[in-house]
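Okay, structure first, notes after.
The values are calculated or read from the model by the stated rules, or taken from the named source; none is laboratory data. Remember, it's a predicted structure, so these values are computed and weren't measured experimentally. In this analysis, Cβ positions are derived from the backbone assuming ideal geometry, glycine residues included, and neighbour counts consider all displayed protein chains. These area figures cover heavy atoms from the full protein model, side chains too; ligands, DNA and RNA do not enter into them. Shrake-Rupley method; radii C 1.70, N 1.55, O 1.52, S 1.80 Å.
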Amino acid sequence: MVPVTTAAPATATRPRVRPPARRERLRPAPRLAAGIVRRPALVERLTTAADAPLALLVAPPGFGKSTLLAEWEEGDRRPFVWLRHGNVRSGVTRLIRAAHAEHDRGVVVVLDDADRVAPPVLDEIFDVAVSDVLPGLTVALASRTEPRLPLGRLRAHRLVVEVRATDLRLTVPEAALVLRREGIELDPARLHALVARTEGWPAALYLAALALRDGPGELESLGGRHHLLAAYIRDEVLSALPPDLLRFARRTSVLHELSAAAGDAILGESGSGGAVTELARVSPLLAPVDAAQDHFRWHPLVADALRAELCGSEPELEPELRRAASRWYARTGDVKRALDQASAAGDAEQTVRLLSRHILSFLTCGHHDYVSGWLSTLGSDRVADHPPLALAASLSGLIAGRLGEAQRWSAAAPRSAGAAADPVTAGLDLVSMLAASRRVAEFGHVAAVAAADPRTGRWRPFCRLLEGVSLHLTGERSRAADILDESARALAGEAPAVAALCLTQRAMIAIEASDWDLADDLTDEARRTVSDWELEHDPVMALVFAAAAAVRAHHGRSDEAKADLRAGIDLLAALGDFLPWYGAEVRILLAHASLWLVDVVRARTLLAEASRLARRTPDAVIFAHWFDEAWAHLDTLAETSLAGPSSLTIAELRILRFLPSHRSFREIAAQLNVSANTVKTQAHAIYRKLGAASRSEAVARATEAGLLGQ
């Protein structure tokens, strides 16, 4: 196996006792290198199972089976006898019995590389271990493949102790030790990513360390195609497969999971079930993913290497196999994987067919990255030449907040001659107008017309949301509430992200009417929708978290409100330059939550940002009401109940940010175009509110309060 350390080997620390007979069949135990990663828990499992007549270690190459056996010998009171697999023939029973007779304390007879032993000889070893009942005898078999043994019966009668590949995987701390011994230090995020990519395969981690010596950039490209890993996988894993199984493994490597039905479907022939079963037996790197063991998955590095082999040996076949896989996944209802395969095959027509039917499902469930990935795989020219793909790209950009991208795709796509009867052209025009609209009444009118158009079809829910938002922002609360209520009910299971936004916009109307109980119900339902559909990381859900934070803070649910506030701020930061009205709404709600949580500094900042965005949508009349309420609440808090850092005014905060510098009050005044006396007065007010006696102490206390950067 590949070592997991470069330390020099150390000689064994105690002598081995050998039985006198048939010495040609024995071999010395492997030496333990001085710097190996120790596995004390596994050694304890083996040593405490001394009553089990059979120990079975099954794992692929490079998982440390031989090293663990040598560690076990160090920790067990019994002597070990190591057999040579190359000379183990019929009659090995006598050797095992002789070894047992030689040692009255019992003995462990080890056969490493048991997968190289002929099946009849293995049966003979099994019989003497399990059937002869020799007290203190354990036969340890280490194998790269699953031995043909009655494991069900052995487990039921507690006659076997097992160590599998899952047990031998290195943990993150153990992987860090392997890398460190090769002079490689990774930050926690990159280390976790590497362990996840290798799935703790010790040999792969060691080879990764060698690759990383060439530069940290190697980590991003590290996979089964990397020359170090590819050579190892080819030599130690693929070379052991019979030619027919290797060919089957290569051709089915395009599948995410391998099953008999999927194999038959993409190969256009029957018999895949037997090949899958035999592959899983001869290579533990093909592991079952379900209890029935109908579906299997290759180790990611091996799958990557197999796909590379396919591209090298049968390049013309790969796109055909992927097209067949796409059709298979589409028939079984796995649209995401069907699209993965279609885009990887460069099949624009299949991608169009699938995306046209399911684009809203992906975009309204927070899967913008999937859509972007499929489109980028096809290439910008191919997307631009297919109006339905261009519509998907432009709508993806709009929903993700990339307005420039949405407009570019919409402008690039050709319009059909019969535009009046073409829903794709109508959709492109709608996205273009939404992205360019400065006035909410404009996009509301466009959305209302589109929602009433029978060509709109699956885009109607999105249009109804925008229509309701426009009516609300322009002050028509009653009509907006009706549309939002209707849409939320209709979309609960069809477009969960749109439904959550409808509920949230409706909650804002309830807050304006001081109906906090209704707002509580609506925001709780919106949060459940986000959670149930796993939309927590979709930036467009920032509004949902902001509204939930405001309502929960108002009702005194402080812990929940703080968590929602943090989530809303994080999602807002990820959203970037989105629609101005949306950005203003989110910030206003986050500011209200901050006020109820008595975080005046954050509330001021958010309200200032919201005010700038609101000015870009001058016909959104409801914003004035929200701002008036927020500023009045803030002034009341500042005057009556706050002291310390939270009582600093905006002018004082502006002075505060200059205090860590070495500028004098006169220089600060010149920078801000105010008098030096004004700066001095405000600085002393800062000292007083922070409880500081000097400028340096004020800076220290402001830093502790989070008012200044580190």
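Beyond 23 Å, what share of the Cα-Cα pairs of region 58-143 is found? Please give it as a whole percent. Considering region 58-143, 19 percent of its Cα-Cα pairs are separated by more than 23 Å.
Within the accessible area of region 315-403, what % is carbon and sulfur when the probe is 1.4 Å and the other protein chains stay in place? Don't skip to the end; give the middle numbers.
Values: 1670 of 3430 Å².
The computed percentage sits at 49.
Report relative contact order for region 74-159 in percent, whole number only (criteria: Cα-Cα under 8 Å, sequence separation at least 6). Numbers along the way, then the final one.
On the way: 103 pairs, mean separation 27.5, N = 86.
After rounding, I find 32 percent.
Order 299-311, 665-677 from most to least packed using the mean count of other Cβ atoms within 10 Å. Walk me through the numbers before you get to the answer.
On the way: 299-311: 20.9, 665-677: 14.5.
Output ranking for 299-311, 665-677: 299-311, 665-677.
Peptide packing: for 132-138, 276-282, 202-208, 385-391, the average count of neighbouring Cβ atoms within 10 Å per residue gives the ranking 202-208, 385-391, 276-282, 132-138, highest mean first. Take the Cα of Thr166, step 7 Å toward its Cβ, do the same at Ser221, and the gap between the two points is 3.6 nm. Principal-axis analysis of the Cα atoms of the chain puts helix 202-212 at an angle of about 60° to the longest axis. Round to the nearest 10 and give me the degree value, 0 to 90, for the angle of helix 676-690's Cα axis relative to the longest principal axis of the chain. The angle comes out at about 50 degrees.
Computed over the alpha-carbon atoms, the chain gives an Rg to Rh ratio of 1.10, Rh here being the Kirkwood radius from the mean inverse distance.
Using only the alpha-carbon atoms, how far is helix 558-575 inclined from the longest principal axis of the chain? Give it as 0 to 90 degrees, nearest 10. Tilt relative to the chain: about 90 degrees. For the residues Arg105, Arg197, Arg158, a 1.4 Å probe over the protein chains yields an accessible-area ranking, largest first, of Arg158, Arg105, Arg197. For GluC sites (Glu not before Pro), no site in region 423-528 is both called loop by DSSP and has at most 11 other Cβ atoms within 10 Å.
What is the sum of charges, Lys and Arg at +1 and Asp and Glu at -1, for the other residues whose Cβ falls under 12 Å from the Cβ of Ala129? Please report the intermediate quantities before stating the final value.
Details: positive: Arg97; negative: Asp123, Glu124, Asp127, Asp132.
Summing Lys/Arg as +1 and Asp/Glu as -1 gives -3.
Applying the Karplus relation 6.51 cos²θ - 1.76 cosθ + 1.60 with θ = phi - 60° to region 371-379 yields 3J(HN,Hα) values of 4, 4, x, 4, 5, 5, 5, 5, x Hz, where x marks Gly and Pro.
Looking at the calculated P(r) for region 121-230, what percent of the C-alpha pair distances fall above 22 Å?
On the way: 2901 of 5995 pairs.
Summing the P(r) of region 121-230 above 22 Å gives 48 percent of all pairs.
If you count the DSSP beta bridges with both ends in the chain, what percent of them are antiparallel, to the nearest 5?
Details: 6 of 24 bridges.
Of all bridge pairs located within the chain, approximately 25 percent are antiparallel.
Using the beta-carbon distance between Arg234 and Ala49 and R0 = 30 Å, what value does 1/(1 + (r/R0)^6) give for FRET efficiency, to the nearest 0.05? Mind showing how you got there, number by number?
Working: r = 36 Å, r/R0 = 1.21.
With R0 = 30 Å, the Cβ-Cβ based efficiency is 0.25.
Our summary gives region 168-317 a relative contact order of 21 percent, counting only alpha carbon pairs under 8 angstrom and 6 or more residues apart.
What's the whole-number percent of alpha carbon pairs in region 474-624 lying beyond 19 angstrom? Please list the in-between numbers first.
On the way: 5522 of 11325 pairs.
Roughly 49 percent, rounded to a whole number.
On full extension, the segment bounded by Arg663 and Arg688 gains 7.0 nm, given 0.36 nm per residue less the C-alpha separation. On a per residue basis, the chain carries 44 Å² of accessible surface, using protein heavy atoms and a 1.4 Å probe. Here region 272-357 is assigned +1 on the Cβ of each Lys and Arg and -1 on the Cβ of each Asp and Glu. Its dipole about the Cα centre then comes out at about 380 debye.
Tell me the carbon and sulfur percent of the accessible area for region 468-530, rounded to whole percent, probe radius 1.4 Å.
Within region 468-530, the accessible surface is 43 percent carbon and sulfur.
Cβ under 12 Å from Glu525's Cβ, Glu525 left aside: what net charge do those residues give with Lys, Arg +1 and Asp, Glu -1? List each step's numbers first, then the result.
Details: positive: Arg489, Arg506, Arg527, Arg528; negative: Asp485, Asp520, Asp521, Asp524, Asp532.
Result for the local shell: -1.
Taken about its Cα centre, the chain carries a charge dipole of roughly 2120 debye when the Cβ of each Lys and Arg holds +1 and the Cβ of each Asp and Glu holds -1.
For region 244-289, what % of the accessible area comes from carbon and sulfur atoms, probe 1.4 Å?
Details: 800 of 1730 Å².
The value for region 244-289 is 46 percent carbon and sulfur by accessible area.
Mean separation of Cα pairs under 8 Å and 6 or more residues apart, divided by the residue count, gives the chain a relative contact order of 7 percent. Between Val163 and Leu56, Leu57, Val58, the built amide H atoms are under 5 Å apart, and every one of these is 5 or more places off in sequence or on another chain.
Per DSSP H run of n ≥ 4, the term is -39500 (n - 2.57); total these for the chain, divide by its residue number, and report the mean residue ellipticity at 222 nm rounded to 500 deg cm²/dmol. Walk me through the numbers on the way to the answer.
On the way: 36 runs with 428 residues, N = 710.
Theoretical 222 nm ellipticity from helices: -18500 deg cm²/dmol.
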